[in-house]
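Single-structure report; data block below.
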Amino acid sequence: MRGQCTYTLGELARICGVEVEGDPCTLIEGVGTLEGAEPGEITFLTNPLYRAQLGHTRATAVILKKQDREATDLPCLITDNPHGCYARVAQKLFPEVRPQPGIHGTAEIHPEARISPLASIGAQAVIEAGALIDDGVVVGAGGYVGERVHLAQDVFLYPRVTLYAGVTLGPRTLVHSGVVIGADGFGMAWQEGRWLKIPQVGSVRIGADVEIGANTTIDRGAIEDTVIEEGVKLDNLIQIAHNCRIGAHTVIAGCTGISGSSRIGARCRIGGGVGIVGHVEICDGVTVSGFSLITKSITQPGVYTSAIPSQPHREWLHTLAHLRGLPEWAERIRRLEMAQVQHDH
Amino acid sequence: MRGQCTYTLGELARICGVEVEGDPCTLIEGVGTLEGAEPGEITFLTNPLYRAQLGHTRATAVILKKQDREATDLPCLITDNPHGCYARVAQKLFPEVRPQPGIHGTAEIHPEARISPLASIGAQAVIEAGALIDDGVVVGAGGYVGERVHLAQDVFLYPRVTLYAGVTLGPRTLVHSGVVIGADGFGMAWQEGRWLKIPQVGSVRIGADVEIGANTTIDRGAIEDTVIEEGVKLDNLIQIAHNCRIGAHTVIAGCTGISGSSRIGARCRIGGGVGIVGHVEICDGVTVSGFSLITKSITQPGVYTSAIPSQPHREWLHTLAHLRGLPEWAERIRRLEMAQVQHDH
Amino acid sequence: MRGQCTYTLGELARICGVEVEGDPCTLIEGVGTLEGAEPGEITFLTNPLYRAQLGHTRATAVILKKQDREATDLPCLITDNPHGCYARVAQKLFPEVRPQPGIHGTAEIHPEARISPLASIGAQAVIEAGALIDDGVVVGAGGYVGERVHLAQDVFLYPRVTLYAGVTLGPRTLVHSGVVIGADGFGMAWQEGRWLKIPQVGSVRIGADVEIGANTTIDRGAIEDTVIEEGVKLDNLIQIAHNCRIGAHTVIAGCTGISGSSRIGARCRIGGGVGIVGHVEICDGVTVSGFSLITKSITQPGVYTSAIPSQPHREWLHTLAHLRGLPEWAERIRRLEMAQVQHDH
């Protein structure tokens, strides 16, 4: 994939603070996978499983670890963290493009909103009273920015993001299309045969450098705020319920749901399709495997799992039948043990 | 959290039909949690686990049960249902704010739509031909109201709700942003190596006092309608497939999916991340635990579960290995029993 | 349900290439279920379980298999594939309605977009530079069509679809409201205590005759493209991560998530609420049961499952306790076997 910019390998090495081997004047114009790269592109090797592919890549240069250096004659960037180095290189070759500052003629801006002249407000966006939009912010087409929302410097909202009243986003936070932040938490009380709505009067506070994937939802707090700390990365179609707190630099993969008032620590890694029940606390540094369920607090870092891989359907039916039969099998083992004890006497 | 209104404790007691203890002239200006409340705010105690926190709350008054009365000297509202009472109090202190009636200049209204002069249509909303919008309805910014949609009195659509043609919503129903109601059900027939689309010609009928969470989807019926009865509360990111019927006052938590033609009874409580297969019937008063799967009809009220809590990964791998080995273990138990029988003879 | 058109049974038989029995001049004006049909409507029988209902249907005609012919005196369409025949009949009686070509006055079109005069662009849609929109395309109200997007002939976007830059859709592909295609994949690298964003420079290519359900998300590729092949049908609230490839005519039910770089074969049937981990390959013709997890590649067609049906909660707790106890039970079986061996010697 051809980038928007061109660098020499030496310049990239300097930017990333890594070693270069081979001609530092090699021109790098894009990025590619080991298999798909075209001449002029740089590729990377993180997983030794793919080392064999190095032999026939058409890439012009490779980012890799010292121990993989001998596997290729191509010019290289040598680093302990090829993935991180690749991220920096790709950021340079494909710099983020921000629209020009200014307010599109079709956007609807409340007279009591305050918008930096260095912000960009897209077509058909709606900005409500009391919103505060800082320098460098982008509100994509059709974005909805509710009353008293604060978007800090360089926040980027892709088209069709919805922010309810009072929500705040920290600097450089990036929100993808279809995201809804600040909708009412799922709070109600049962009284006289029906549910009474409990007004959700807290808000949502989101830190700096957060990224939120498409169609993810984050509910406002019942009384106090829902909080997403700095550097958190949320994938698509995630549900964060009211009064959750997600710790700094935690990543959560798609389709995961976190119930109300749960607190996830910092630098956790939560897989996709995970469920976390309400009112639990998960300490820093926990990994939850995809498709697993967390039902109580976790106080030790580590990996936690309850996911079951599929089997051919017929085998699975047997496993299930035995699972259902476990109480009976246990009873039969007990009887065998009793018989043995009697026999031994 | 400071409210928009102020009441005396005595007024709140009267509104809620509960007893007051302590000075009925105490001014209540907001709500707070036991831990976070500020002076002037009222808090509540439902779970006796938190009774110890009563001692050092900074709240000015508390809603609690008679049996918890002795745990505090603060003025109190005494009730069997503190949660319900709190809901009423919070509704009074934070009354729902509705925009002024009128049609925003940027909304696009088909000339054959009928809109009450007491309704409010937000910026950039689109209302199609034949839509019927009653008194007190709010269509938020960017809402899409398809042909022949009927929005009954006081329906509230937050920004960016999409209602396909023919959908009807009952009085006071509240729909959050990103919701899509009436998209085609997932209906197709396999013929000659490809899928033929089956036109989805039913619609969606939603009762009174329903609430629908952000980015939830409810599909239109294949032939007859999909039906959500009155008082149902749906959380975020729920999928309701074509021709489902959800009974009155049932609540469903986030990320749950219900397959086509299933019928859920009244006053059920369906947890988050639940799956319900198609064409089943669940009777009234059933609770499904979060992350569980329902594969057949349920005819008895009660709680149903298939969720497995996580273990440390290494332990879980052992459990899984044993689970896979169950058929073999069963065989070994049988052999032991046979040996014992032979031995006894 | 009354259709928009009327046909004789004979005309429908000819269109579908099936046999008619009974009066071919019978007028058919709509469709109904066996139970709910009104006179003038045609119904169908696929499942022999419902054969008894044939006796008291009020329908005017029935689509069924030869072997069910004797169960009714009504005029019939006889076919091996009643479901497919019903699809064709319903398509005739309820022809898709497309809006008139033309660009709505409130749509915002970049001067460098190329839009066929035979396309229809709805109210408040936004079309960016370099977009290419072919004949017969419909962009619903509030749709967002990013830079360089290509919409091939007769693509239909319901209201509020978001297509990021560079996405391409094949002919006749139909996309429901709230869908987001081309948002950034979930790619980042850990470096010095924080996550670096990896620019997602691939795109999304979607084939012909694809249908995508409401609020589904399909991420753009990290380097190469995410690909959805022709005839794929995706239900609502599905997450397709970056660099996935979904083979032709595969169907995926709602709430399923597919992690990055996985490849699903052609003509697969993936149930609802399924999880598929990253970097696996699933061959053609695989069925994955709803609520199951795929953790490794599948090379044989067939049905794969790991879903556990719910039990009454109390029974389930017993099953769970025994599941947790499996390592201990295994140990006890081993001890019994040892004792027996010793005894036999």
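Once Rh is set to the Kirkwood radius over Cα pairs, what Stokes-Einstein translational diffusion coefficient, in µm²/s, holds for the protein assembly as shown at a temperature of 4 °C and a viscosity of 1.567 mPa s?
Working: Rh = 30.6 Å.
This corresponds to a translational diffusion coefficient of 42 µm²/s.
With contacts defined as alpha carbon pairs under 8 Å and 6 or more residues apart, what's the relative contact order of chain A in percent? Don't skip to the end; give the middle numbers.
Numbers: 951 pairs, mean separation 22.2, N = 345.
Dividing the mean separation by the residue count of chain A yields 6 percent.
A:Arg14 to A:Lys65: extension gain in nm, 0.36 nm per residue of separation minus the Cα-Cα distance?
The span from A:Arg14 to A:Lys65 would gain 16.7 nm if fully extended.
Kirkwood hydrodynamic radius (Cα pairs, Å) of the range C:30-170?
Details: mean 1/r = 0.0567 Å⁻¹.
Evaluated on the range C:30-170, it is 17.6 Å.
Measuring label to label, 7 Å along Cα→Cβ, what does B:Arg51 give against each other copy in nm, shortest first?
Listed shortest first, these distances are 6.5, 6.5 nm.
Compute the Rg to Rh ratio over the range C:144-236 from the alpha carbon atoms, using the Kirkwood formula for Rh, and round to two decimal places.
1.04
Mind checking the log10 I(q)/I(0) for the range B:299-345 at q = 0.13, 0.20, 0.27 Å⁻¹? Debye, one equal scatterer per Cα, no solvent, two decimals.
Taking Cα atoms of the range B:299-345 as identical point scatterers yields -0.59, -0.77, -0.95.
Can you compute the radius of gyration and Dmax for the range C:44-116, using only the Cα atoms, both in Å?
Using the Cα atoms of the range C:44-116, the pair Rg, Dmax is 21.4, 64 Å.
Looking at chain A, which longest stretch skips every one of the GluC sites (Glu not before Pro) that is in a DSSP loop with at most 12 other Cβ atoms within 10 Å, leaving the sites themselves out?
A:193-345
Can you tell me what share of the DSSP beta bridges in chain B is antiparallel? A percent to the nearest 5 is fine.
Just about 15 percent of them are antiparallel.
Residues in the range A:256-293, backbone N under 16 Å from the label point at B:Val303 (7 Å along the Cα-to-beta-carbon vector): list them, ranges by number please.
A:277-279
Let me see the P(r) profile for chain A: every Cα-Cα distance counted, bins of 10 Å, each bin given as a percent of all pairs.
Answer for chain A: a P(r) of 5, 19, 20, 23, 18, 8, 4, 2, 1, 0 percent.
Would you mind ranking A:Thr6, B:Thr299, A:Thr256, A:Thr168 so that the residue whose beta carbon has the fewest other beta carbons within 10 Å leads the list?
B:Thr299, A:Thr6, A:Thr168, A:Thr256
Calculate the length of the line joining the C-alpha centroid of the range C:146-189 to that of the range C:33-72, in whole Å.
Centre-to-centre (Cα) distance: 40 Å.
Debye sum, Cα scatterers, the range B:120-167, no solvent: what log₁₀ I/I(0) at q = 0.15, 0.17 1/Å?
The Cα Debye sum returns log10 ratios of -0.28, -0.37.
Of all alpha-carbon pairs in the range A:2-93, indicate the percentage at a distance above 18 angstrom. Please report the intermediate quantities before stating the final value.
Numbers: 1325 of 4186 pairs.
The calculated P(r) of the range A:2-93 puts 32 percent of pairs beyond 18 Å.
Report the per residue volume, in Å³, of the convex hull enclosing the C-alpha atoms of the range C:90-198.
Cα convex hull per residue, to the nearest whole number: 120 Å³.
For the pair B:Glu281 and C:Arg314, what calculated FRET efficiency results from E = 1/(1 + (r/R0)^6), where r is the Cβ-Cβ distance and R0 = 25 Å, to the nearest 0.05?
0.65
Along Cα→Cβ at 7 Å, what distances in nm separate the B:Gly22 label point from those on the other copies, shortest first?
Label-point separations across copies, in nm and ascending: 7.4, 7.4.
What FRET efficiency, computed as 1/(1 + (r/R0)^6) with R0 = 60 Å and r the Cβ-Cβ distance, is obtained for B:Glu331 and C:Glu35, rounded to the nearest 0.05?
Details: r = 48 Å, r/R0 = 0.80.
My answer for the efficiency is 0.80.
So how far apart, in nm, are the two label points at C:Glu192 and A:Thr6 if each is 7 Å from Cα heading toward Cβ?
Each label point lies 7 Å from its Cα, and together they span 2.9 nm.
Label-to-label distances across copies for A:Gln342, with labels 7 Å out along Cα→Cβ, in nm, shortest first?
2.0, 2.0
With Rg and the Kirkwood Rh both taken from Cα atoms, where does Rg over Rh land for the range C:103-304? Working shown, then result.
Values: Rg = 17.1 Å, Rh = 17.0 Å.
My calculation of the ratio gives 1.01.
What 222 nm value per residue comes from the helices of chain A, counting each DSSP H run with n ≥ 4 as -39,500 (n - 2.57) and dividing by all residues, nearest 500 deg cm²/dmol?
Computed mean residue ellipticity for chain A: -5000 deg cm²/dmol.
Read-outs throughout are calculated quantities, based only on the coordinates presented, and are distinct from any laboratory measurement. Computed from a predicted structure; not experimentally measured. Because the Cβ atoms are built from the backbone with ideal geometry, glycine has one as well, and the counts that use them run over all protein chains shown.
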